[in-house]
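Colleague: Submitted below is the structure of interest, expressed as structure tokens.
The values are calculated or read from the model by the stated rules, or taken from the named source; none is laboratory data. Everything numeric in this text was worked out from a predicted model, so none of it was measured. Glycine also receives a Cβ, built like all others from the backbone with ideal geometry; neighbour counts cover every protein chain displayed. SASA here: full protein model, heavy atoms, side chains in, ligands and nucleic acids out. Shrake-Rupley method; radii C 1.70, N 1.55, O 1.52, S 1.80 Å.
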Amino acid sequence: MTLTPGVDAPTWPVEFAERYRAAGHWRGETFGGMLRERAEAHPHHIALVDPAPERRTWTYRELDERADRLAAGFLARGIAKGDRVVVQLPNVGEFVEVVFALFRIGALPVYALPAHRDTEIAHFCSFTEAVAYVVPDLHAGYDHRELASRMRHRVPGLRHVFVTGDPGEHTALSDVPCEPSAPFDGPRPHELAFLQLSGGTTGVSKLIPRTHDDYLYSLRGSNEICGVNAGTRFLVVLPAAHNFPMSSPGWLGALYAGGTVVLCPKPDPDTAFPLIARERISMTGLVPPLALVWTQAATETAHDLSSLELALVGGAKYSEQAARRLEPALGCKLMQVFGMAEGLVNYTRLDDDTETVVTTQGRPISPDDEIRVVDDAGRDVPDGEFGHLLTRGPYTIRGYWRAPEHNRRAFTEDGFYRTGDIVRRTPTGHLVVEGRAKDQINRGGEKIAPEEVENVILAHPSVHDVSVVAVPDAYLGERSLAYVILREGAEPLKPVAVKRFVRERGIAAYKVPDLVEFVDEFPRTGVGKVSKKHLRFAAGQS
Ligand code: AMP
Ligand code: DBH
């Protein structure tokens, strides 16, 4: 198995790679090496706190040693460099141990979200030819061991299931570690570190191949912008597997700086606020709906939030009115962040004036991030005018993993990623997100590909056709609405029956349509005039 990025996905042309190295962006570091260096520099500093159910802590030395032992155990069970391992863990300390163990041996974590179910997990396991799948026993009332058993039957190449807690018929993660017998033949800095998930616009999530060099650069840049250092105490409120809490600056940024990461088991203020007070949290990242809830709750809380210095808000459009209320309520600075797992991340800056912070979504991390704002014909528009955002740079991928067809559409010939976002650029170079050209629903930061949900609903015997669209929502920004055309003569259905059908097919709960409407033909507003099913059929994908 070769790990050269250019083999399974397009990589940066040599002249770009040389430029990024010469500029000092790519420094030849790896994640495994980074943790070792921090452990040598500050062995006794607390790297990680998992507060629930009882408080556990890991010093940098402990995290480093545990990653080594787990890596040795994975190797002993036949997991090798280049193998893919689907990791579906909530915000628990084992998540960090597992990914650093995989980084050490050069196996690639594939970051599933805790909400994913049979549909998504089966796709990740089979498409990546994963050899192992790591799950919790129970999480949020759901038994992941049963999901894992179904995956073992469905995906023949899946050889191992590792479980945190009670393993049932699988292997306990705690039984895996052993003494390393030799130094690891780890990955090279230009090789792949992991596969991140895209929000997706077509039927299934595309996989995003990130290298050690490029991702570490985005962390270093993010840390500099956000002021992350060894004294930072970062609270991971959103699912740790998501790119935003992982890297903007996120828990990996905090570890890169030698700071302390505290894992929040649930995002609500009743869980998070006491933790902020007890752990003296200085920084966190939130999606807009959560920022609204926190802003409201902070005005009434008895918990001491005075340690909080910076709240990053991003993942979906944050309204100006809501943004204005955050700083006074939480007593900390606000930074807006507009990023994507494919690469490009924009931040407002600590020294930006309030107007800029509340009305823009920031500017890119790197002087080498190339930004183009273009019209439908691909011509650059002047600053201040709306257009499609295209980008290329030292931490933006040149192609998705094993998706040559899709890559031809998602990237320009000269390697710019078509973000699908409609933006306008201010004279200071800040971007304002005005909308979206891609077929995606952004449900409070959780991305939904309508086509994926449509395909599930189309499997219902009474359904002739379906179109899933976004509708505005005061709290989430957007919710999903499924317009359903029933087959002639079919028994009438209730909206709940459609939702139940989708849920029972095994898909993440946030993708179940919020609203279902039965129609004779698709409305002209908000939906294309032509049946999406017929469009897909015409495209040969039905
Ligand atoms: P993903 O490709 O799943 O990583 O999602 C990235 C997408 O989320 C971006 O292309 C935007 O559409 C959206 N997004 C992220 N941050 C923001 C933000 N601050 N404001 C508006 N949209 C955002
Ligand atoms: O929405 C995102 O994917 C996102 C938002 C903010 C992201 O990936 C990021 C910052 O890094």
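Colleague: Could you check the stretch 190-286 for strands (runs of 3 or more DSSP E) lying wholly inside it with 2 or more residues that are closer than 27 Å to Arg402 by Cβ and away from ligand 2 (no atom under 12 Å from the Cβ)?
Modeller: Hits in the stretch 190-286: 192-197, 207-211.
Colleague: Just give me the residues in the stretch 358-369 being open to solvent by less than 30 Å² (accessible area, probe 1.4 Å), within 16 Å of ligand 1 (Cβ to nearest atom) and outside any helix (DSSP H, G or I), in sequence order.
Modeller: If the condition is that a residue be open to solvent by less than 30 Å² (accessible area, probe 1.4 Å), within 16 Å of ligand 1 (Cβ to nearest atom) and outside any helix (DSSP H, G or I), then Thr360, Gln361, Gly362, Pro364, Ile365, Asp369 are the ones that fit.
Colleague: Now, a different point. Would you pick out the residues in the stretch 306-321 that are hydrophobic (A, V, I, L, M, F, W, C), part of a loop (DSSP other than H, G, I, E, B) and within 15 Å of the chain's Cα centre (by Cα)?
Modeller: Scanning the stretch 306-321 gives a single hit, Ala316.
Colleague: Would you please name the residue that is nearest to Cys264 (Cα to Cα), looking only at residues in the stretch 283-308 that are of a type in the set (S, T, N, Q) and open to solvent by 10 Å² or more (accessible area, probe 1.4 Å)?
Modeller: Going through the qualifying residues, I end up with Ser307.
Colleague: Now for a separate question. Give Arg379, Arg372, Arg325, Arg349 a once-over and let me know the one that is within 16 Å of ligand 1 (Cβ to nearest atom) and open to solvent by 50 Å² or more (accessible area, probe 1.4 Å). Give the steps one after another, and end with the answer.
Modeller: On the way: Arg379 fails: within 16 Å of ligand 1 (Cβ to nearest atom); Arg325 fails: within 16 Å of ligand 1 (Cβ to nearest atom); Arg349 fails: open to solvent by 50 Å² or more (accessible area, probe 1.4 Å).
Only one candidate passes the filter, namely Arg372.
Colleague: Of everything in the stretch 495-542, what is among the aromatic types (Phe, Trp, Tyr) and at pLDDT 50 or above? Give them in sequence order.
Modeller: Listed by number, the residues that qualify are Phe501, Tyr510, Phe518, Phe522.
Colleague: Being assigned to a helix (DSSP H, G or I) and within 27 Å of Tyr217 (Cα to Cα) is the filter; apply it to the stretch 322-357 and report the residue that is farthest from ligand 2 (Cβ to nearest atom).
Modeller: Thr356
Colleague: Which pairs have Cβ atoms under 6 Å, sit 6 or more apart or on different chains, and link a residue in the stretch 234-262 that is closer than 11 Å to Ser222 by Cα to one that is within 12 Å of ligand 2 (Cβ to nearest atom) and of a type in the set (Lys, Arg)?
Modeller: Within 6 Å, no pair qualifies.
Colleague: Moving on. If the requirement is being assigned to a loop (DSSP other than H, G, I, E, B), within 18 Å of the chain's Cα centre (by Cα) and in contact (Cβ under 8 Å) with a residue 60 or more places away in the chain, which of these qualifies: Gly399, Gly415?
Modeller: Gly399
Colleague: Among the candidates Ala230, Ala311, which residue alone is surrounded by fewer than 19 Cβ atoms within 10 Å (Cβ to Cβ) and over 19 Å from Arg55 (Cα atoms)?
Modeller: Going through Ala230, Ala311 in turn, just one is surrounded by fewer than 19 Cβ atoms within 10 Å (Cβ to Cβ) and over 19 Å from Arg55 (Cα atoms): Ala230.
Colleague: Take the residues in the stretch 287-298 that are in contact with a helix residue (DSSP H, G or I) (Cβ under 7 Å, 6 or more places away or on another chain) and touching a residue at least 40 places away in the same chain (Cβ under 8 Å); name whichever of them is nearest to ligand 2 (Cβ to nearest atom). Before you say what the answer is, go through the steps one by one.
Modeller: In the first step, residues of the stretch 287-298 are kept if they are in contact with a helix residue (DSSP H, G or I) (Cβ under 7 Å, 6 or more places away or on another chain); the result is 288, 291-295, 297-298.
Imposing the further condition that a residue be touching a residue at least 40 places away in the same chain (Cβ under 8 Å) reduces the set to 288, 292.
Details: Pro288: 11, Leu292: 17 Å.
Only one residue fits best here, namely Pro288.
Colleague: Which condition from (1) without any contact (Cβ under 8 Å) to a residue 24 or more places away in the chain; (2) of a type outside the set (A, V, I, L, M, F, W, C); (3) under 20 Å from Ala509 (Cβ atoms) is the one that Arg117 breaks?
Modeller: Among (1) without any contact (Cβ under 8 Å) to a residue 24 or more places away in the chain; (2) of a type outside the set (A, V, I, L, M, F, W, C); (3) under 20 Å from Ala509 (Cβ atoms), Arg117 violates only (1).
Colleague: For the stretch 233-256, give me each residue that is open to solvent by 30 Å² or more (accessible area, probe 1.4 Å) and farther than 25 Å from Val85 by Cβ.
Modeller: Taking the stretch 233-256 first, the residues open to solvent by 30 Å² or more (accessible area, probe 1.4 Å) are 233, 239, 242.
Residue satisfying the conditions is Arg233 alone.
Colleague: Moving on. Are any residues in the stretch 449-469 in contact with a Ser or Thr (Cβ under 6 Å, 6 or more places away or on another chain) and either within 14 Å of ligand 1 (Cβ to nearest atom) or open to solvent by 20 Å² or more (accessible area, probe 1.4 Å) (or both), and if so, which ones?
Modeller: Result: Ala449, Glu451.
Colleague: Further, regarding this structure: Just wondering, is there one or more residues in the stretch 398-419 that are within 16 Å of ligand 1 (Cβ to nearest atom), surrounded by fewer than 18 Cβ atoms within 10 Å (Cβ to Cβ) and farther than 25 Å from Ser205 by Cα?
Modeller: Scanning the stretch 398-419 turns up no residue that is within 16 Å of ligand 1 (Cβ to nearest atom), surrounded by fewer than 18 Cβ atoms within 10 Å (Cβ to Cβ) and farther than 25 Å from Ser205 by Cα.
Colleague: I'd like the residue in the stretch 145-183 that is part of a helix (DSSP H, G or I) and touching a Leu at 6+ places or on another chain (Cβ under 7 Å) and, out of all such residues, is surrounded by the fewest Cβ atoms within 10 Å (Cβ to Cβ).
Modeller: Residues of the stretch 145-183 that are part of a helix (DSSP H, G or I), as a first pass: 145-154, 173-175.
Still in the running and touching a Leu at 6+ places or on another chain (Cβ under 7 Å): 151-152.
Working: Met151: 22, Arg152: 16.
So, considering only residues that are part of a helix (DSSP H, G or I) and touching a Leu at 6+ places or on another chain (Cβ under 7 Å), the one surrounded by the fewest Cβ atoms within 10 Å (Cβ to Cβ) is Arg152.
Colleague: If the Cβ limit is 9 Å and pairs must be 6+ apart or interchain, which residue in the stretch 501-528 that is surrounded by fewer than 17 Cβ atoms within 10 Å (Cβ to Cβ) pairs with which residue that is of a type in the set (Phe, Trp, Tyr) and modelled with pLDDT under 95?
Modeller: Close Cβ pairs satisfying both conditions: Gly528/Phe522.
Colleague: Moving on to the next point. Look at Gly199 and say whether it is touching a Lys or Arg at 6+ places or on another chain (Cβ under 6 Å) and touching a residue at least 24 places away in the same chain (Cβ under 8 Å).
Modeller: yes
Colleague: Out of the residues in the stretch 328-346 that are away from ligand 1 (no atom under 16 Å from the Cβ) and either aliphatic (A, V, I, L, M) or closer than 30 Å to Phe411 by Cα (or both), which is least open to solvent (accessible area, probe 1.4 Å)?
Modeller: Here the answer is Leu330.
Colleague: Would it be correct to say that Gly186 is surrounded by fewer than 24 Cβ atoms within 10 Å (Cβ to Cβ), in a loop (DSSP other than H, G, I, E, B), on the phi > 0 side of the Ramachandran plot and more than 16 Å from ligand 1 (Cβ to nearest atom)? It would help to see each step written out before you state the result.
Modeller: Values: surrounded by fewer than 24 Cβ atoms within 10 Å (Cβ to Cβ): yes; in a loop (DSSP other than H, G, I, E, B): yes; on the phi > 0 side of the Ramachandran plot: no; more than 16 Å from ligand 1 (Cβ to nearest atom): yes.
So Gly186 fails the test.
Colleague: Continuing with this model, one more query. Restricting to the stretch 193-203, what's the tally of residues that are among the hydrophobic types (A, V, I, L, M, F, W, C), open to solvent by less than 20 Å² (accessible area, probe 1.4 Å) and under 30 Å from Val453 (Cβ atoms)?
Modeller: Our first condition is that a residue be among the hydrophobic types (A, V, I, L, M, F, W, C); within the stretch 193-203, this holds for 193-195, 197.
Keeping just the survivors that are open to solvent by less than 20 Å² (accessible area, probe 1.4 Å) gives 193-195.
The next check asks that each one be under 30 Å from Val453 (Cβ atoms); those that pass are 194-195.
Of the residues in the stretch 193-203, 2 are among the hydrophobic types (A, V, I, L, M, F, W, C), open to solvent by less than 20 Å² (accessible area, probe 1.4 Å) and under 30 Å from Val453 (Cβ atoms).
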